[in-house]
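Read the structure below first, then the notes.
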Amino acid sequence: MASGRVRIYRRRFITEGGRNEEQEPELHHEAWCEISSLYGQELYKALEIRLENTIVFEVRYCQKIREMQQHLKEFFLQYQGERYDIFAIDFRRNERQYVQLKANRTD
């Protein structure tokens, strides 16, 4: 497994003229992570729904990560200059030690 630094951003929107305009995102959290890929049954399910560029980022549990659970679509992460949209958070039976963020690279 590889490790690295990941930055989690929150999208910000402002309503102008009845339309939501995306503004500069704000940094929500920065953490060290272990990087792995999907395997087995998870990999095949991801390929079925066209999520070929999926990576799993495992970060330590904290309150900032817990806040993301309710509003997942508002967040994305950046790793080595690449942007990833988070589509799932796995708290692994509520152990409260590590959390897996499953994200797909945006092109």
Check region 37-54 and report whether any residue there is outside any strand (DSSP E or B) and either touching an Asp or Glu at 6+ places or on another chain (Cβ under 9 Å) or at pLDDT 90 or above (or both). yes
Of everything in region 1-27, what is modelled with pLDDT of 85 or more and within 16 Å of Val99 (Cα to Cα)? Give them in sequence order. Gly4, Arg5, Val6, Arg7, Ile8
Return the residue satisfying two criteria in turn: it lies in region 74-107 and is touching a residue at least 40 places away in the same chain (Cβ under 8 Å) and of a type in the set (Lys, Arg), and of such residues it is most open to solvent (accessible area, probe 1.4 Å). Arg105
Looking only at region 55-75, which residues are farther than 17 Å from Glu34 by Cα and not polar (S, T, N, Q)? Lys64, Arg66, Glu67, Met68, His71, Leu72, Lys73, Glu74, Phe75
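The values are calculated or read from the model by the stated rules, or taken from the named source; none is laboratory data. Keep in mind that this is a model prediction, so the values were computed, not measured. As a convention, Cβ positions derive from the backbone with ideal geometry for all residues, glycine included, and neighbour counts pool all protein chains shown. To get the accessible areas, we keep the full protein, side chains included, count just its heavy atoms, and leave off ligands, DNA and RNA. Shrake-Rupley method; radii C 1.70, N 1.55, O 1.52, S 1.80 Å.
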